[in-house]
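Peer 1: Here you go, one structure.
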Amino acid sequence: MAAIIRYLKSSITPFGLPAFFILISIYQVVTTTKPYPYSISIVLLLLITIFLALFRKPRWIIYTFLLMALTVYIFVFVHIISKYEQDSSSTRDDAVEIAARATLNGENAWNKDVGPPITTGPTSILLALPFVFWFGEINWLTFIFWMIFFLILLGNDLIYQNHSWPIMVLFLILGHFGFEHTLFWGLDELYYPFLYLTLAYYLSKRGNYLIVGMLLVAVLLSRFSYFFMIIGFGFWYLFNFPINRRHIFKMIIGGVIGSLVILMPFIIIGGEDIWNNNPWNLAFAISGTAWPDTNLFFRLLNHLNNKIGSEAMRWTKLFSVLLIMFPSSWGLRLLKVEHPFWHITLGAFLAHTLVWLPSHLPMDYALIFVLPAMLAISNTPMNSSLEGSTSV
């Protein structure tokens, strides 16, 4: 705690890359003919952070103003901009809300559709139920998700003192790497499971393997593509912990309990119909589709797919992912990477390039590997002295 207090009292000099990103953010706002609501407030907060850094004010003051700018930005996008005219054609948030309403009405959630079939998993629907019940929408759930995610990044910055948090905040505010696309189209539900994976990591270090098993199942039942992130988590566990049958047994029991708790309400409501109408049938169908014709590598994969058929290609995809992830995870072990987030990042990247690649909307899944990469960076210690001032 003393080290964290010392870190918060230290100055940030020079402000370097964050100042550069802030200037870009300001330029984007002042040069547009239609600035988004409250953008001037965000610009003023960012300008204050630059002046605070120039006058070598303590880190905690700078971080406070950045947190204020972040909070306003997320609130504006989630509660105002996401409800603009594009909302009528945005189906991601509608899918969650319609599925939740169907569940509250005692109907099989996956009998509904929003144009395309609903692919939201049962974990996300359960999470959305109280918000849809009270507010009729999931906007507050989305706001809470983003705030918790960035507070986790902030906590990691304070623990590992790696100066990473300002960069992460400004990445969001700049809107690059799919952030603005996600906030504009209400795609945030795709990324909720990263909070469960983060909690699973913390609990695994404390030996709470029963709950870890529950969390991993909650991840899988959110969206089936997270299966490959779970593989990454599993390789991290395999290479960083001694094999302990008791711990593995606890995770299995936790997984069984978690499955029953999450699935039972939907089985009771949906009955036999749930075996025909569920998100996993659709995920399985998508896993057999071809790649977009954008480069030589994908064209070769499509040629192979035509030769061997989609069923054999599914096994080829799984084998290829394991073939890439196993040595990569071992390499991360040799590099003494103690957290699972680079493993998860690789799994996420492979899931949405090699296995599931939505050729019509590739930006929808850009954050699927950006977010775990941010967690990975924030969990990396900075080997530098905290004596005097620190720099970013």
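Peer 1: Would you point out which residue out of 131, 184, 177, 135 is out of contact with any Ser or Thr (no Cβ under 8 Å at 6 or more places or on another chain) and closer than 30 Å to residue 27 by Cβ? Steps first, answer last, please.
Peer 2: Details: 131 fails: closer than 30 Å to residue 27 by Cβ; 184 fails: out of contact with any Ser or Thr (no Cβ under 8 Å at 6 or more places or on another chain); 135 fails: closer than 30 Å to residue 27 by Cβ.
The match here is 177.
Peer 1: Restricting to the range 67-108, and then to whatever is of a type outside the set (Ser, Thr, Tyr) and part of a loop (DSSP other than H, G, I, E, B), can you tell me which residue is surrounded by the most Cβ atoms within 10 Å (Cβ to Cβ)?
Peer 2: Result: 108.
Peer 1: Still on this structure: For the range 330-341, how many residues are free of Cβ contacts under 8 Å to residues at least 40 places away in the same chain and in a helix (DSSP H, G or I)?
Peer 2: 2
Peer 1: A further question follows. Does residue 259 qualify as being part of a loop (DSSP other than H, G, I, E, B) and within 16 Å of residue 122 (Cβ to Cβ)?
Peer 2: The answer is no for residue 259.
Peer 1: Okay, moving on. Which of the residues spanning the range 1-29 are free of Cβ contacts under 8 Å to residues at least 40 places away in the same chain and either within 17 Å of residue 49 (Cβ to Cβ) or in contact with a Leu (Cβ under 6 Å, 6 or more places away or on another chain) (or both)?
Peer 2: Within the range 1-29, 19, 20, 23, 26, 27, 29 meet the criteria.
Peer 1: Still on this model: Just to be sure before I move on: is residue 65 in contact with a Ser or Thr (Cβ under 9 Å, 6 or more places away or on another chain), closer than 25 Å to residue 166 by Cβ and aromatic (Phe, Trp, Tyr) in the structure I sent?
Peer 2: yes
Peer 1: Going through 253, 267 one at a time, which residue ends up being within 30 Å of residue 205 (Cβ to Cβ), part of a helix (DSSP H, G or I) and of a type in the set (A, V, I, L, M, F, W, C)?
Peer 2: Going through 253, 267 in turn, just one is within 30 Å of residue 205 (Cβ to Cβ), part of a helix (DSSP H, G or I) and of a type in the set (A, V, I, L, M, F, W, C): 253.
Peer 1: Which one is nearest to residue 114 (Cα to Cα), of the residues in the range 156-198 that are hydroxyl-bearing (Ser, Thr, Tyr) and not in a loop (DSSP other than H, G, I, E, B)?
Peer 2: Within the range 156-198, the match that is nearest to residue 114 (Cα to Cα) is 182.
Peer 1: Please enumerate the residues belonging to the range 5-43 that are over 16 Å from residue 175 (Cβ atoms), surrounded by 15 or more Cβ atoms within 10 Å (Cβ to Cβ) and among the aliphatic types (A, V, I, L, M).
Peer 2: If the condition is that a residue be over 16 Å from residue 175 (Cβ atoms), surrounded by 15 or more Cβ atoms within 10 Å (Cβ to Cβ) and among the aliphatic types (A, V, I, L, M), then 8, 12, 19 are the ones that fit.
Each row is one residue, and each column tells you yes or no for (1) at pLDDT 95 or above; (2) of a type outside the set (Asp, Glu); (3) on the phi > 0 side of the Ramachandran plot; (4) surrounded by 24 or more Cβ atoms within 10 Å (Cβ to Cβ).
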| position | (1), (2), (3), (4) |
| --- | --- |
| 195 | yes, yes, no, no |
| 206 | no, yes, no, no |
| 210 | yes, yes, no, no |
| 213 | yes, yes, no, yes |
| 226 | no, yes, no, yes |
| 230 | yes, yes, no, no |
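Each row is one residue, and each column tells you yes or no for (1) in a helix (DSSP H, G or I); (2) farther than 23 Å from residue 120 by Cα; (3) of a type outside the set (Asp, Glu).
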site: 274; (1), (2), (3): yes, no, yes
site: 290; (1), (2), (3): no, no, yes
site: 298; (1), (2), (3): yes, yes, yes
site: 311; (1), (2), (3): yes, yes, no
site: 325; (1), (2), (3): yes, yes, yes
site: 328; (1), (2), (3): yes, yes, yes
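Peer 1: Does residue 282 meet the test of being surrounded by fewer than 18 Cβ atoms within 10 Å (Cβ to Cβ), under 22 Å from residue 324 (Cα atoms) and out of contact with any Asp or Glu (no Cβ under 7 Å at 6 or more places or on another chain)?
Peer 2: When the stated conditions are applied, residue 282 does not pass them.
Peer 1: For the range 154-167, how many residues meet the condition of being crowded, with 21+ Cβ neighbours inside 10 Å and within 17 Å of the chain's Cα centre (by Cα)?
Peer 2: So the count comes out to 2.
The values are calculated or read from the model by the stated rules, or taken from the named source; none is laboratory data. Treat the numbers as computed from the prediction; the structure is a model and nothing was measured. Reconstructed Cβ throughout: ideal geometry from the backbone, glycine too, with neighbour counts over all protein chains shown.
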